[in-house]
Amino acid sequence: MLDQQTYSDAGWIADRRRWLVRAGMGLGSVALADLLKHDKAFGNEGVASHGVLNPTHHRPTAKRVIYLFMAGGPSQLETFDYKPLLNEKQGQPLPDSVRAGQRLTGMSGNQATLPLAGSIFKFAQHGNSGAWISELLPNTAKYVDDMAIIRSMTTEAINHDPAITFLQTGNQISGRPSIGAWMHYGLGSDNENLPCFVVLITKGKVDQPLYSRLWGSGFLPARYQGVQFRSGKEPVLYLTNPPGIDSASRRQMLDRLKQLHEAQADRTADPELTARIAQYEMAYRMQTSVPEVTDLSSESEATFERYGAQAKTPGTFAANCLLARRLAERGVKFIQLYHQGWDHHGGVPGGMRTQCSETDQPTGALLEDLKQRGMLEDTLVIWGGEFGRTNYSQGKLTADNYGRDHHPRCFSMWMAGGGVRGGVVYGETCPFGYNIVENPVHIRDFHATLLHTLGIDHERFTAKFQGLDARLTGVDPARVVREILK
């Protein structure tokens, strides 16, 4: 039994906690008002949003993002970075002057030699930009005039887990909010019946593991985390009512549960209780909205033909690309597609043929679909992995087979729509495809540019964490790559 003094102390602590929360919100409002005055003074009028940035720092060019993440590290030398010199010097050792002492992984660092390996695939120039694109990507190549190809991406992470964590959260160490969580936090949702942030993973692929923390909310409230949609009868786990429970019973249960949580929140001022109430309510609304958006039966046969033979099979990359367009139409702001299988330490030719055959047609179809519907101009589409591959062969090099190790020094990505200048090839690597010689783009620069298209100044978009103002781009310098923007 607690005595009266203990009850009094507990009440005082709760009152103090509530005062601090409300005071903090008040100070935040003062700071926000000052920032908004600064924006207006410089003519940077933002637009209204449903998140903490209301209005945005400046007028956005993108309303939503579809991020096609190629997990495992696709080879830039077989896709977007044409290096004929490697074919000329096939089998010759990587010159020490090119490597310049850069670290290698343990998987190839102990090889007696590092033989240069040219791509066995042909390249051709496409579009007004004359961008060199591999024969593996004929459908993607049709849209080079709509995209900015960045050949000079760079990262410090040399292994998969820190590299993919860096790209998805801005930090190599887990525990930070993902890009989609930051976006939800800052801009809010445009559809109260669907999640703001949806994750789609190609089924049946076996490769480097994917963890839910990659689309987690980190130190932000849990309501900002991504919601994974799965193939099968239950796209979102535990969404349907269990046997014997109808909609009216579920509604009554949620109403009573809300009352209990509100009473507890009033005593403790715990923001997680408010987030929990919001998540329960969202789940209730999603019982109707999710079956509707995941039902592809209303799509025409012409649409299925455009996306490819696998488009009718739930969980395939083709079906997920089609579903991404449907989610984007309904106001979902951040849609992340993960496609595993790009980690080709051996058997690059066969592996790349398989991966590109699964992804090239749906990717081109998604761009075409968005263009026809007038959505590409305000939808930012991104394609890329966590790092690139080496210009030398890991393992035995033969005339028709070779492997490639991890290479964080340089790799390729592309962005299209959402205010991105089309027909741009940005950055350049050396003739050996090993080092960047022009316009490097770091992961932080990529994040800063992505946020900029959404109307967000990466330097001023922060959240308190352990007493500091944390941000997606971290504390090291980052720049918006304005050369690829309209």
For V206, all conditions in the list (1) assigned to a helix (DSSP H, G or I); (2) at pLDDT below 95 hold save one; what is the number of the exception?
(1)
Which listed residue, of T169, T154, is over 30 Å from R223 (Cα atoms), surrounded by 18 or more Cβ atoms within 10 Å (Cβ to Cβ) and under 20 Å from the mean Cα position of the chain (by Cα):
T154
Tally of residues being over 16 Å from N139 (Cβ atoms) and not hydroxyl-bearing (S, T, Y) across the range 308-319
4
Across the range 344-360, what is the number of residues that are assigned to a loop (DSSP other than H, G, I, E, B) and either out of contact with any Pro (no Cβ under 9 Å at 6 or more places or on another chain) or surrounded by fewer than 21 Cβ atoms within 10 Å (Cβ to Cβ) (or both)?
3
I'd like to know if the range 377-396 contains one or more residues that are of a type in the set (V, I, T), outside any strand (DSSP E or B) and touching a helix residue (DSSP H, G or I) at 6+ places or on another chain (Cβ under 8 Å).
no
Filtered residues of the range 247-271 (kept if at pLDDT 75 or above, part of a helix (DSSP H, G or I) and of a type in the set (D, E, K, R))
R251, R256, K258, E262, D266, R267
Only one residue in T316, T294 is surrounded by 15 or more Cβ atoms within 10 Å (Cβ to Cβ) and within 30 Å of N159 (Cα to Cα). Which one?
T316
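Let's see how each residue does on (1) under 22 Å from G109 (Cα atoms); (2) out of contact with any helix residue (DSSP H, G or I) (no Cβ under 9 Å at 6 or more places or on another chain); (3) part of a loop (DSSP other than H, G, I, E, B):
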{"position": "P362", "(1), (2), (3)": "no, no, no"}
{"position": "E368", "(1), (2), (3)": "no, no, no"}
{"position": "D400", "(1), (2), (3)": "no, no, yes"}
{"position": "R404", "(1), (2), (3)": "yes, no, yes"}
{"position": "G418", "(1), (2), (3)": "no, no, yes"}
With the structure loaded, tell me whether E428 is over 21 Å from A100 (Cα atoms) and among the acidic types (D, E) or whether it fails that test.
no
Which of the residues spanning the range 412-427 are out of contact with any Lys or Arg (no Cβ under 6 Å at 6 or more places or on another chain) and of a type outside the set (S, T, Y)?
M413, W414, M415, A416, G417, G418, V420, G422, G423, V424, V425
How many residues are in contact (Cβ under 8 Å) with a residue 40 or more places away in the chain, in a loop (DSSP other than H, G, I, E, B) and over 30 Å from G130 (Cβ atoms) if we restrict to the range 148-199?
19
The listed residue being over 17 Å from the mean Cα position of the chain (by Cα), touching a residue at least 12 places away in the same chain (Cβ under 8 Å), farther than 30 Å from L104 by Cα and assigned to a helix (DSSP H, G or I), out of E459, E483
E483
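The values are calculated or read from the model by the stated rules, or taken from the named source; none is laboratory data. Just so it is clear, the structure is predicted and the values come from calculations on it, not from any experiment. Every residue, glycine among them, receives a Cβ derived from its backbone with ideal geometry; neighbour counts consider all protein chains shown.
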